[in-house]
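Everything below concerns the one structure shown next.
The values are calculated or read from the model by the stated rules, or taken from the named source; none is laboratory data. Because the structure is a prediction, the values reported are computed rather than measured. All Cβ positions, even for glycine, are placed from backbone atoms using ideal geometry, and neighbour counts span all protein chains on display.
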Amino acid sequence: MASFRKIGDVWQYRVRYKVIYSDEWKETSKSGYKTKKEAQIASRQKEIEVMNGFEQGEMNFAIYMHAWLNQYVKDKLKPNTYKTYRTVLDNHAIPHFGNLELKDVKPMMYQKFIDGKLEEGLSTETARRIHYVVYQAFKRALINGYVTKNPCEHVSIKRREVKKLKFLEPKLVTPLIKALYKRGQIYGLFFKLLFDTGLRKGEAAALQWSDINWKDRTITIKNSLDFQPENDDPILGDTKTYHSRRTIEIRAPLISELQTHLNYQNERKLVLEELYSHDLNLVLCRDDGTPLPKSTLFNAFKGCLEEIGHSSLPIHSTRHTHAVMLLEAGADMKFVQERLGHGSMQITSDVYAHVKRKLLHVQLISLMSK
């Protein structure tokens, strides 16, 4: 909305407008026009600019990013994707650029930001994930006319040397599993499944009895459990990626143990009746059918590692351990890729190539010593 007044011999316009993605109202003005008609024409152009977001001094980076999340990501993409995007912005982009206006984020400044993430010790994959989120947000800002160019275009992400892979030496898997069984049958079975299959903890926690094919001795991974759902978000969601949906074979002893566990669980259902969470139909859960808390799994794993005299490892190390055991058994990278549900051979090779090289080196030394 514009207003006009004459100051001396010249006219001034004032345009009052609502800041984009905010409830705040602001005002901009300019004077020096010889006639009211000139001031009116100039004010209309200014109104168009502020409506389209070109009043760039008012487009704060943090405000826009949160608004982009709510308008274009939340309820449109997977809940876990929304959480990942929000974490990337809140933990990385907004602390760095939050006080700037969108127009003030320049390509060289953004390149330095990405380089800094690698210098902090983050992996190349993590840096790419951060870049993807910020790039998409600016892409939408460009489409909507809030910026005149995307500062994230043509960024170069240097490849860092892969961090030392965290896994448990295969010879220590059995002692650790025994320690976990002592802590509780459900812990022993949960982590035996992880070591035997390479499942992510969320995939194992989401496993339902309908996912098991007893005849073919296979399990189908089609869900992942959200350990910390927000509001009314579903507990069971999609797997990490499309390729994570897979069917894999499992060993006969594990199938047998799962059958025994099913019998035990059925007894619990008879005792608890309606107090049991029948709707979830989870394989690995608490005695009342509810999901195992992430903190409980973490504490059990950490405590049993200490019990066998091993330093702390993330639960994800069980997945790496499974891959290492496959490679030691002579499996090729393609088999490992498909079993772990990686999207491409390149991902599998990037993570485990040095393990494969080490195994080949050991084999070569063994052959030369004969």
*Answer yes or no: is there a residue in region 170-177 that is in a loop (DSSP other than H, G, I, E, B) and out of contact with any strand residue (DSSP E or B) (no Cβ under 7 Å at 6 or more places or on another chain).*
no
*Of all residues in region 210-261 being over 23 Å from Gln346 (Cα atoms) and of a type in the set (Val, Ile, Thr), which is farthest from the chain's Cα centre (by Cα)?*
Thr260
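Out of the residues in region 231-251 meeting the condition of being in a strand (DSSP E or B) and without any contact (Cβ under 8 Å) to a residue 40 or more places away in the chain, tell me which one is nearest to Lys192 (Cα to Cα).
Here the answer is Glu249.
Listed residues Leu262, Leu254; which is among the aliphatic types (A, V, I, L, M), more than 18 Å from His322 (Cβ to Cβ) and not in a strand (DSSP E or B)?
Leu262
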*Go through the residues of region 220-230 one by one and say whether even a single one is in contact with a Gly (Cβ under 8 Å, 6 or more places away or on another chain), in a loop (DSSP other than H, G, I, E, B) and of a type outside the set (S, T, N, Q).*
yes
_I need the full set of residues from region 198-241 which are at pLDDT 95 or above and of a type in the set (Ser, Thr, Tyr), in order please._
Ser210, Thr218, Thr220
*Test each condition in (1) free of Cβ contacts under 8 Å to residues at least 60 places away in the same chain; (2) closer than 18 Å to Leu180 by Cβ; (3) assigned to a loop (DSSP other than H, G, I, E, B) for Thr296 and report the one that comes out false.*
(3)
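Provide a single number: the residues in region 266-281 that are in contact with a helix residue (DSSP H, G or I) (Cβ under 8 Å, 6 or more places away or on another chain) and either exposed (fewer than 10 other Cβ atoms within 10 Å of the Cβ) or not assigned by TED's automatic domain parsing to the domain that holds Leu207 (or both).
Here the count works out to 0.
Here is a yes/no grid of residues against (1) more than 24 Å from Ala206 (Cα to Cα); (2) among the acidic types (Asp, Glu); (3) in contact with a Phe, Trp or Tyr (Cβ under 7 Å, 6 or more places away or on another chain):
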| residue | (1), (2), (3) |
| --- | --- |
| Asp287 | no, yes, no |
| Cys304 | no, no, no |
| Ser311 | yes, no, no |
| Glu328 | yes, yes, no |
| Gln337 | no, no, no |
| His342 | no, no, no |
| Asp350 | yes, yes, no |
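Glu49: more than 20 Å from the chain's Cα centre (by Cα), assigned to a helix (DSSP H, G or I) and at pLDDT 85 or above, yes or no? Write out each step before concluding.
Working: more than 20 Å from the chain's Cα centre (by Cα): yes; assigned to a helix (DSSP H, G or I): yes; at pLDDT 85 or above: no.
No.
Residue-wise test of (1) at negative phi; (2) within 23 Å of the chain's Cα centre (by Cα); (3) loosely packed, with under 13 Cβ neighbours inside 10 Å.
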site	(1), (2), (3)
Ala93	yes, yes, no
Lys103	yes, no, no
Gly121	no, yes, yes
Leu165	yes, yes, no
*What tally of residues in region 332-353 results from selecting those that are polar (S, T, N, Q), closer than 14 Å to Arg319 by Cα and at pLDDT below 90?*
1
